[in-house]
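*Asks:* Pasting in a structure now, in structure tokens, and then I'll have a few things to ask.
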Amino acid sequence: MKTLYLDCFAGIAGDMFLGAIIDLGLFPVEGFIDAMKGLALDGYSISVEKGIRKGISGTDIKVIEEDHHHHHDEDHHHHHDEDHHHHHHHRHLSDIIAILDRSTLPEEVRSRSALAFRLLAEAEAEVHGTDVESIHFHEVGAIDSIVDVVGGFMALHMAAIDRVCSSPVNVGSGTVKCAHGVMPVPAPATAKLLAGMPIVSQGDPIERTTPTGALMLKVLCDSFGSMPSGTIKATGHGLGDRDTELPNLLRAVIIEEGKVGTPWIPGQASVLEANLDDMNPQDLPIAMDHLFQAGAWDVFFTSIIMKKNRPGIRITCVGPVDLEEKLAETILRHTTSIGVRCRIESRYTLRREEKTELTSLGPVRVKSSFWGKELFQRTLEHDDLKDLSERHNIPLTELRDILTSELGGLDNEYRHDR
């Protein structure tokens, strides 16, 4: 499994995340710049330069607005002695969603970007005691900030990362000037976004984790803690603008998880169960949907006989260990159960990849699993097949054969006799 570990020892900002991914060297910078043209947003250019922070080389990203000729500090980019109340165009969430909707970016990039800005709007609305549609973004509504966020998701998409995890997050300390005045660090909306994440406060009394940095963690990370076991494949550093005593950079590490010599990846899963004998069966699919939205890997129902010989249903949910509490809350909230049993189990998985392939009938996601470095199994995403079948009025079985032949590989068949 190709895992991205974010070492946020000095915090994280949107431009630092983008710089760190580019610095990994997994794709050509020119290809990234060209891909970002799909954003269809005029009035900016992207500067990608190498720099040094405390003797460590990394990549410095600046988004240059044509009207201003400098990089606005949406996320303050560690220029914390400056006033961030610039005269940006104050965009609403609907404005940014409209920009994304008319873009030609990959669906994964558009959906992650839309989710990020919606999460920010919800955090701002909660802080200011208003509704989401009334929120207008100040620094984060500027062109540079939009490019930082969308660019970060685009770079991650191009790097073909399977999983993202992070260290505890250094938020910094002190105060920061922004559109609403002088605020404590972390800024209120940033603190909302960081809810549930482990944090530390170290180094110079400045803001180290910014709104867009927190958004990246919120949308992408499935766990927080020490670096996972595996083999380091690449490291990259994304630079902040200010040269502080604690190196002002974000370290990104690509790790191939799994023991040397074994084709599988060891790990753990949280298994949650509850028995139900008084729930309307029509409501069970809704509970399942909520669990998947909460981050479950798998959810299934089993018919059982309960006390007093009552027929019932056992709901079983499997998910990340760090989401156990959230998944338990979801079961309690969306089923009639008044209790949930939880346990941690070991698991072994093969390395998996998911890529979107362009075919003559449209894009389709292809899921591949590997026995070590060898392709083991490849499957076309059923939801994509269903959409293409309906769009082109081609029977599903026939469509699968067409695309499998076109992509030149096996669909849902084993490469090796294991």
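The values are calculated or read from the model by the stated rules, or taken from the named source; none is laboratory data. Since the structure is predicted, the reported quantities are computational estimates derived from the model, not experimental observations. Note that each Cβ is placed from the backbone with ideal geometry, even for glycine, and that neighbours are counted across all protein chains shown.
*Asks:* Given the criteria surrounded by fewer than 14 Cβ atoms within 10 Å (Cβ to Cβ), without any contact (Cβ under 8 Å) to a residue 40 or more places away in the chain, assigned by the TED database to the domain that holds Ala13 and within 29 Å of Ala328 (Cβ to Cβ), does Ser303 qualify?
*Replies:* no
*Asks:* Let me ask another. Tell me which residues, restricted to the stretch 215-236, are crowded, with 18+ Cβ neighbours inside 10 Å and out of contact with any Asp or Glu (no Cβ under 8 Å at 6 or more places or on another chain).
*Replies:* Residues satisfying the conditions are Leu215, Met216, Leu217, Lys218, Val219, Leu220, Cys221.
For every residue, the table says whether it meets (1) over 18 Å from Asp144 (Cβ atoms); (2) touching a Pro at 6+ places or on another chain (Cβ under 7 Å); (3) at pLDDT 95 or above.
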site	(1), (2), (3)
Ile21	no, no, yes
Tyr44	no, no, no
Lys50	yes, no, yes
Val63	no, no, no
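*Asks:* For Ile315, which of the numbered conditions (1) surrounded by fewer than 16 Cβ atoms within 10 Å (Cβ to Cβ); (2) more than 17 Å from Thr3 (Cα to Cα) fails to hold?
*Replies:* Going through the list (1) surrounded by fewer than 16 Cβ atoms within 10 Å (Cβ to Cβ); (2) more than 17 Å from Thr3 (Cα to Cα), Ile315 breaks only (1).
For (1) at positive phi; (2) among the polar types (S, T, N, Q); (3) within 23 Å of the chain's Cα centre (by Cα), each residue gets a yes or a no:
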| position | (1), (2), (3) |
| --- | --- |
| Thr130 | no, yes, no |
| Pro168 | no, no, yes |
| Lys177 | no, no, no |
| Pro186 | no, no, yes |
| Lys192 | no, no, yes |
| Arg208 | no, no, yes |
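*Asks:* Same structure, new question: Limited to the stretch 197-214, what total is found for residues that are in contact (Cβ under 8 Å) with a residue 60 or more places away in the chain and either under 21 Å from Ala294 (Cα atoms) or crowded, with 24+ Cβ neighbours inside 10 Å (or both)?
*Replies:* Residues flagged as in contact (Cβ under 8 Å) with a residue 60 or more places away in the chain and either under 21 Å from Ala294 (Cα atoms) or crowded, with 24+ Cβ neighbours inside 10 Å (or both) within the stretch 197-214 amount to 8.
*Asks:* Considering (1) closer than 23 Å to Val164 by Cα; (2) touching a residue at least 24 places away in the same chain (Cβ under 8 Å); (3) in contact with a strand residue (DSSP E or B) (Cβ under 7 Å, 6 or more places away or on another chain); (4) surrounded by 15 or more Cβ atoms within 10 Å (Cβ to Cβ), say which one Ser369 fails and leave the rest.
*Replies:* (2)
*Asks:* So which residues in the stretch 2-26 are part of a helix (DSSP H, G or I) and acidic (Asp, Glu)?
*Replies:* Residues satisfying the conditions are Asp15, Asp23.
*Asks:* Considering only the stretch 388-404, state which residues are of a type outside the set (A, V, I, L, M, F, W, C) and in contact (Cβ under 8 Å) with a residue 24 or more places away in the chain.
*Replies:* Arg391, His392, Thr404
*Asks:* Might you let me know whether the stretch 237-254 holds any residue that is in contact (Cβ under 8 Å) with a residue 60 or more places away in the chain, within 30 Å of Phe376 (Cα to Cα), over 17 Å from the mean Cα position of the chain (by Cα) and surrounded by fewer than 16 Cβ atoms within 10 Å (Cβ to Cβ)?
*Replies:* no
*Asks:* Could you check the stretch 377-403 and list, in sequence order, the residues that are among the aliphatic types (A, V, I, L, M) and closer than 24 Å to Thr349 by Cα?
*Replies:* Matches in the stretch 377-403: Leu380 only.
*Asks:* Consider Val29 against the criteria (1) over 18 Å from Ala142 (Cβ atoms); (2) crowded, with 24+ Cβ neighbours inside 10 Å: it satisfies all of them except one. Which criterion is unmet?
*Replies:* Single failed check for Val29: (2).
*Asks:* State the number of residues belonging to the stretch 29-51 that are hydroxyl-bearing (Ser, Thr, Tyr) and under 24 Å from Asp101 (Cβ atoms).
*Replies:* 2
*Asks:* Please find, within the stretch 183-194, the residue that is surrounded by the fewest Cβ atoms within 10 Å (Cβ to Cβ) out of those that are within 25 Å of Val109 (Cβ to Cβ) and among the hydrophobic types (A, V, I, L, M, F, W, C).
*Replies:* Within the stretch 183-194, the match that is surrounded by the fewest Cβ atoms within 10 Å (Cβ to Cβ) is Leu194.
*Asks:* Looking for whichever is modelled with pLDDT under 85 and surrounded by 13 or more Cβ atoms within 10 Å (Cβ to Cβ) here; the options are Asp411, Asp384. Which one fits?
*Replies:* Being modelled with pLDDT under 85 and surrounded by 13 or more Cβ atoms within 10 Å (Cβ to Cβ) holds for just one of Asp411, Asp384, which is Asp411.
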